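Every read-out reported here was derived from the displayed coordinates using simple, explicitly stated rules and does not represent laboratory data. What you see is a predicted model; the values in this text were computed from it and never measured. Positions of Cβ are backbone-derived with ideal geometry, glycine not excepted, and every protein chain shown enters the neighbour counts.
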Amino acid sequence: MRIAMIGTGYVGLVSGTCFSDFGHEVTCIDKDAGKVDALRAGRIPIYEPGLESLVASNARAGRLRFSTDLAEAVPQAHAVFIAVGTPSRRGDGHADLSYVYAAAREMAEYLAPGTVIITKSTVPVGTGDEVLRIIREVRPDLDISVASNPEFLREGAAIEDFKHPDRIVIGCEDQRAEQVLREIYRPLFLNKSPIVTMSRRGAELTKYAANAFLATKISFINEVADLCEKVGADVQDVARGIGLDNRIGSKFLHAGPGYGGSCFPKDTLALLKTGEDYESPLRIVEAVVTVNNNRKRSMGRKIIQAMGGSVHGKTVAILGLTFKPNTDDMRDSPAISIIQALQDNGAAIRAYDPEGMEQAAAELTDVTFCDGAYAAMENADAAVIVTEWDAFRALDFNRMKDLLNAPILIDLRNIYVRDDVERQGFAYVAVGR
């Protein structure tokens, strides 16, 4: 199949590359000429394990190309995917669909009859209807199909998720669109990945509902963690006790400083706005958003309390800045709120992250960025683990004691065992334990 992928952001680049690895001919299109030139030269704009080598191998094989010109790829494409950004719109939380609609309008003149246009971007219910209307406004007599095919990729594990998905959701209104999408995903049949077909609107809503439910699990276990601290229980025991129930499952039941990233914050807000628009309020999702926002701020207070009730004039070593490991994504990372809370209370910050330093520098001010975890701990009054990178799972406690002014470890991801840390002479503070 010949595929045009409009947008070379996280979703577009990963999806386009994986489709080419299936054997399809893929052209990824972006308006940013500098970005396209960089991709042609093998420079990847995001950090995602395995992506750089996969781009290189498929580009060498001639299956993956990059272009700024819609006219180069769209007329020959059997399927055109829209994979542009849909950030939260300033002021009201609605998804900003301007990039989606601009892509539809600009591709319209190049589309061949019979082409299937597929929204891969996360979009509110009814977006596909508007994409179809826009194209028909430009080309009234053009015979095309518009479908929805949401992605369910985890940053840091996107290639594995794409090639071994739990399910493939296809939302379409005609048989042609379904047949084209089934052919595109046919290589996954060997993995027994189920294809779930539904209406276009159903697929659009499925993506938001899935992310909102996962966000709900995170906020739920974080509130349980607070209760565990009050009653003397261990949230990890509680999470295991409920997670082994196959009706609940163990994933996303890890207490911590709250969720962030490119999906959950904006998607929960967009789903709330959709509920408001259709006069069907989503009270549980509303509570999830509130709990998460409060959670991030409360982590700053937790650190201050662990350091004796005041951080004025003190230095805090922050280990991990990205919202999760194996990514350089700083969007809505809990580290941002935590650092700002500490700075507001007079603390100096020394920080290290294996991949997110460049992105963090654009989000944070008055932070000393260090070239390693131990460098961040030099003359600091406490070390705080904010992101559970593997590099922080086997720290040398003797070395840490030599570097820190006080042996205090605040573990916001619960990656250590209290007895092990305290045996090394540290004061240890975790979450929900």
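A few notes on this one:
- With contacts taken as Cα pairs under 8 Å and at least 6 residues apart, segment 2-198 reaches a relative contact order of 20 percent.
- In segment 199-433, Cα pairs under 8 Å separated by at least six residues give a relative contact order of 21 percent.
- Descending semi-axes in whole angstrom, ellipsoid equivalent of segment 186-339, from the Cα gyration tensor: 32, 19, 18
- Full-extension gain in nm, ARG247 to ALA112, via 0.36 nm per residue minus C-alpha separation: 43.9 nm
- In a DSSP loop and with at most 13 other Cβ atoms within 10 Å, the trypsin sites (Lys or Arg not before Pro) in segment 375-410 are ARG393.
- Phi angles of segment 416-425 translate, via the Karplus equation with coefficients 6.51, -1.76, 1.60 and θ = phi - 60°, into HN-Hα couplings of 10, 9, 3, 4, 5, 6, 5, 5, 7, x Hz per residue; Gly and Pro are given as x.
- Descending semi-axes in whole angstrom, ellipsoid equivalent of segment 2-198, from the Cα gyration tensor: 23, 20, 18
- Computed packing ranks the peptides 134-141, 322-329 as 322-329, 134-141, most packed first, by mean other Cβ atoms within 10 Å.
- Kirkwood-based shape ratio for segment 304-346, expressed as Rg/Rh from alpha carbons: 1.04
- Here is the tail figure for segment 287-433: Cα pairs spaced more than 26 Å apart come to 16 percent of all pairs.
- Among ALA362, ALA341, ALA61, residue whose mean-square fluctuation peaks in a GNM of the chain (springs only between Cα atoms under 10 Å): ALA362
- The Stokes-Einstein estimate for segment 183-229, based on a Kirkwood radius over Cα pairs and taken at 25 °C with 0.890 mPa s viscosity, is a diffusion coefficient of 180 µm²/s.
- With Cα atoms as the point set, segment 96-180 shows a radius of gyration and Dmax of 14.0, 43 Å.
- For segment 154-216, the pair-distance distribution built from all alpha carbon pairs, in bins 5 Å wide starting at 0, is 4, 16, 22, 24, 21, 9, 3, 0 percent.
- All distinct Cα pairs of the chain go into the 1/r average, and the inverse of that average, the Kirkwood radius, is 23.2 Å.
- Of all DSSP beta bridges in the chain, antiparallel share, percent nearest 5: 5
- The aspartates and glutamates whose alpha-carbon is closer than 15 Å to the alpha-carbon of LYS401, local same-chain residues fewer than 8 away aside, are GLU378, ASP381, ASP420, GLU422.
- The Rg/Rh ratio for segment 1-56 is 0.92, where Rg is the radius of gyration of the alpha carbons and Rh is the Kirkwood radius.
- ARG136 sits among other residues whose Cβ lies under 12 Å from its own Cβ, and their net charge, with Lys and Arg +1 and Asp and Glu -1, is -2.
- Put the Cα centre of segment 105-137 next to the Cα centre of segment 391-415 and the gap is 52 Å.
- Net charge of Cβ neighbours under 14 Å - reference ALA56; Lys, Arg +1; Asp, Glu -1: +2
- Working from Cα pairs under 8 Å separated by at least six residues, relative contact order for the chain is 12 percent.
- Alpha-carbon centroids, segment 250-278 and segment 1-59: separation in whole Å: 27
- Mean residue ellipticity (222 nm) of the chain, computed from DSSP H runs ≥ 4 via -39,500 (n - 2.57), nearest 500: -13000 deg cm²/dmol
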